[in-house]
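Notes for the one structure printed next.
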Amino acid sequence: MAETNDTQSGDTIHRGPPVTVGRYGPIQRVNHWITATSLILLLLSGLSMFHPSLFFLTELFGGGQNTRMLHPWIGVVLFVSFFIFFFQLWRANLPNRVDVQWVSQIGDVVAGHEERLPEIGKYNAGQKFIFWGMAFFIIVLIATGLIIWDQYFGGLTSIGVNRVAVLVHSMAAVLIILLFILHVYAAIWTRGTLRAMTRGSVTGGWAWRHHRKWLKELAGRGKIDPAE
Ligand code: HEM
């Protein structure tokens, strides 16, 4: 397990008042929201083709034919945009010893007893779990999705392989939807987190409370805006 340096190039403490801490740059935020929008469009278009009772959702995409044509292309957008984001963040998401302790104290996490937890770097074990989980399922979805993309790759695999691919694709989709719900719930439940992805910064208090090791590392490295 690696002892990682959790600070990233754009992370900076801005002197207040109030003190804020830069967490994501504008390009990273645009990247994140393209990823988020494409996943939402994929789950709507995917569910519309998953069961007849959800077929009405194809209306959002201009009917069944258009939905079938658009869904794989949106999948390509998700894959590309997620992995552009992934390669900027993977180091800060490497597991370390503190994560094991965080998981063993999950009761304290849920009960909000953060003072009993060790100091956390840029991401906690829950965020890392979602990060790697999303990466894994997006790879499974694109791989199985290409196999069942009849328009371009229809003749390349047998019907048996296609059947297995459809099943695995659907199962991965259900699991990534669950991860997505968990991610959005955690972002809303931990108050003050959403602004990291809207404004790019969090308050000094938020960083002290939830990611103290990250904040201390930034201060220790002098990543503080010069006084005005
Ligand atoms: C409406 C939907 C979404 C909301 C409200 C949302 C919100 C957020 C917020 C607030 C953060 C910053 C968390 C922090 O820095 O502590 C974040 C980070 C992140 N989000 Fe989302 N997100 C959404 C959808 C998605 C989707 C669909 C994906 C991927 C498929 C995704 C992938 C990520 C990743 C990889 C991070 C960085 C966290 C890490 O590296 O561990 N998000 N999101």
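The values are calculated or read from the model by the stated rules, or taken from the named source; none is laboratory data. As the structure is a computational prediction, the values presented were derived from the model and not from experiment. Reconstructed Cβ throughout: ideal geometry from the backbone, glycine too, with neighbour counts over all protein chains shown.
Tell me yes or no: at least one residue of the stretch 118-135 is of a type in the set (F, W, Y) and either at pLDDT below 95 or more than 16 Å from T35 (Cβ to Cβ) (or both). Looking through the stretch 118-135, at least one residue is of a type in the set (F, W, Y) and either at pLDDT below 95 or more than 16 Å from T35 (Cβ to Cβ) (or both).
Pairing residues of the stretch 31-49 that are on the phi < 0 side of the Ramachandran plot with residues that are within 9 Å of the ligand (Cβ to nearest atom) and among the aliphatic types (A, V, I, L, M), at Cβ distances under 8 Å and at least 6 apart in sequence or on separate chains, gives H32/M197; W33/M197; T35/L78; S38/L78; L39/L78; L39/I176; L42/L78. Cβ-Cβ below 9 Å, separation at least six or inter-chain, first residue in the stretch 66-92 and in contact (Cβ under 8 Å) with a residue 12 or more places away in the chain and more than 9 Å from the ligand (Cβ to nearest atom), second of a type in the set (D, E, K, R) and outside any helix (DSSP H, G or I): which pairs? The qualifying pairs are R91/D6. Here the stretch 123-156 is the region considered, the condition is being within 18 Å of T67 (Cβ to Cβ) and among the aromatic types (F, W, Y), and the residue that is farthest from the ligand (Cβ to nearest atom) is Y152. Considering (1) within 15 Å of the ligand (Cβ to nearest atom); (2) in contact with a strand residue (DSSP E or B) (Cβ under 6 Å, 6 or more places away or on another chain), the lone condition that K223 does not fulfil carries the number (1).
Looking at D108, D99, which one is in contact with a helix residue (DSSP H, G or I) (Cβ under 7 Å, 6 or more places away or on another chain), away from the ligand (no atom under 15 Å from the Cβ) and part of a helix (DSSP H, G or I)?
Numbers: D99 fails: away from the ligand (no atom under 15 Å from the Cβ).
Result of the check over D108, D99: D108.
Scanning the stretch 184-210 for residues that are over 10 Å from T20 (Cα atoms), β-branched (V, I, T) and either at pLDDT below 95 or more than 9 Å from the ligand (Cβ to nearest atom) (or both) turns up just one, T190. Among the listed residues I13, I84, identify the single one that is touching a helix residue (DSSP H, G or I) at 6+ places or on another chain (Cβ under 7 Å) and surrounded by 19 or more Cβ atoms within 10 Å (Cβ to Cβ). Criteria check complete, one pass: I13. What about T4, is it at pLDDT below 95 and either within 29 Å of I142 (Cβ to Cβ) or part of a helix (DSSP H, G or I) (or both)? It is true that T4 is at pLDDT below 95 and either within 29 Å of I142 (Cβ to Cβ) or part of a helix (DSSP H, G or I) (or both).
Restricting the search to helices (runs of 4 or more DSSP H) fully inside the stretch 143-228 and requiring at least 1 residues that are without any contact (Cβ under 8 Å) to a residue 24 or more places away in the chain and within 27 Å of the chain's Cα centre (by Cα) gives 159-189, 194-198, 204-210.
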